[in-house]
Amino acid sequence: MLTILLIALSLFVLPVLICASLPDPRGDVPWYEASREPTGLAPDPATTPEAVIQVYAARAVSWRGKLAVHTWISVKPRNAARYTRYEVVGFGVANGAPAVRVDRMGPDNFWFGARPFLVLDKRGGNLDSVIEKIQAAVASYPYPRAYRAWPGPNSNTFTAYIGREVPELRLALPGNAVGKDFLPDGAILAPAPSGTGFQVSAFGVLGVIVAAAEGVEVGVLGLNLGFDARPALKLPALGDIAAGR
């Protein structure tokens, strides 16, 4: 029994120590001066008439980037000339700025020097109705003027909320999207963000997810350990490590 506990403890602690020792991908550039240029991951609206829904994740800024990613969602209805980007940002909230921001950057830009990766990419079909549901979920987000880096509500709390409200997305966020397990209104039981299972969470500090998309995740202090069917190993701070990648 003691051996099992030590192995479990090492699986939580070692990935955090590894991430803490890795160099900052932004180099010596202060995060607020780092690149926010487009990456080209979002298809050009001028040549892409179909509807597009994309969810991105990129390493958070400052010390938070050692442990977690920042996530956001970008949408483009059919034949629209531009994208709309929705996210929660903590900058300025303490001074009265809203937490929910729209079009603060382009749909796929570097997040202050950190290159984003796609978590979800849906195109074509009947996505316009899904985009309308996303817009309604953004409007109903219960913490539009609140932000707390840990355990939430933060940017990942927002994106997970959109996923629960729009289960058609089947949005499975990375295991290191710290804050995704913070459930609104102090709820203990809720659908998983993908809508393909359920989760139990105590204020985003302790919890479990069991779902077809997310697999099995055990959360301790906002750090998640688990696996899914890709197959992928989910490690605290490091995130999802999928086979073949």
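Output the residue which, of all residues in the stretch 5-61 that are in a loop (DSSP other than H, G, I, E, B) and among the β-branched types (Val, Ile, Thr), is nearest to Leu221 (Cα to Cα). Only one residue fits best here, namely Val61. Scanning the stretch 62-111 for residues that are farther than 21 Å from Arg123 by Cβ, among the basic types (Lys, Arg) and not in a loop (DSSP other than H, G, I, E, B) turns up Arg64, Lys66, Arg101.
Which ones in the stretch 1-33 are surrounded by 14 or more Cβ atoms within 10 Å (Cβ to Cβ) and in contact with a strand residue (DSSP E or B) (Cβ under 8 Å, 6 or more places away or on another chain)? Steps first, please.
Here is the first cut: in the stretch 1-33, the ones surrounded by 14 or more Cβ atoms within 10 Å (Cβ to Cβ) are 11-12, 14-16, 18-19, 24, 26, 31.
Answer for the stretch 1-33, where residues must be surrounded by 14 or more Cβ atoms within 10 Å (Cβ to Cβ) and in contact with a strand residue (DSSP E or B) (Cβ under 8 Å, 6 or more places away or on another chain): Leu11, Phe12, Pro15, Val16, Arg26.
Which one of Lys180, Lys122 is more than 23 Å from Leu223 (Cα to Cα), basic (Lys, Arg) and surrounded by 15 or more Cβ atoms within 10 Å (Cβ to Cβ)?
Every option except Lys122 fails the conditions.
Scanning the stretch 169-195 for residues that are more than 21 Å from Ile241 (Cβ to Cβ) and part of a loop (DSSP other than H, G, I, E, B) gives Phe182, Leu183, Ala187, Ile188, Gly195. Residues of the stretch 97-126 that are under 19 Å from Gly40 (Cα atoms) and hydrophobic (A, V, I, L, M, F, W, C): Met105, Phe110, Trp111, Phe112, Ala114, Phe117, Leu118, Val119, Leu120. Scanning the stretch 19-69 for residues that are in contact with a helix residue (DSSP H, G or I) (Cβ under 7 Å, 6 or more places away or on another chain), aliphatic (A, V, I, L, M) and either within 30 Å of Asn79 (Cβ to Cβ) or modelled with pLDDT under 90 (or both) yields Ala20, Ala51, Ile53, Val55. Within the set Pro153, Pro167, the sole residue that is without any contact (Cβ under 8 Å) to a residue 40 or more places away in the chain and over 21 Å from Ala232 (Cα atoms) turns out to be Pro167. Within the stretch 155-168, the residues that satisfy the criterion of being in contact with a Ser or Thr (Cβ under 8 Å, 6 or more places away or on another chain) and either surrounded by fewer than 24 Cβ atoms within 10 Å (Cβ to Cβ) or in a loop (DSSP other than H, G, I, E, B) (or both) are Glu165, Pro167.
The values are calculated or read from the model by the stated rules, or taken from the named source; none is laboratory data. Values in this document were obtained by computation on a predicted structure and should not be read as measured data. Here the Cβ is made from the backbone with ideal geometry for all residues, glycine too, and neighbour counts use every protein chain on show.
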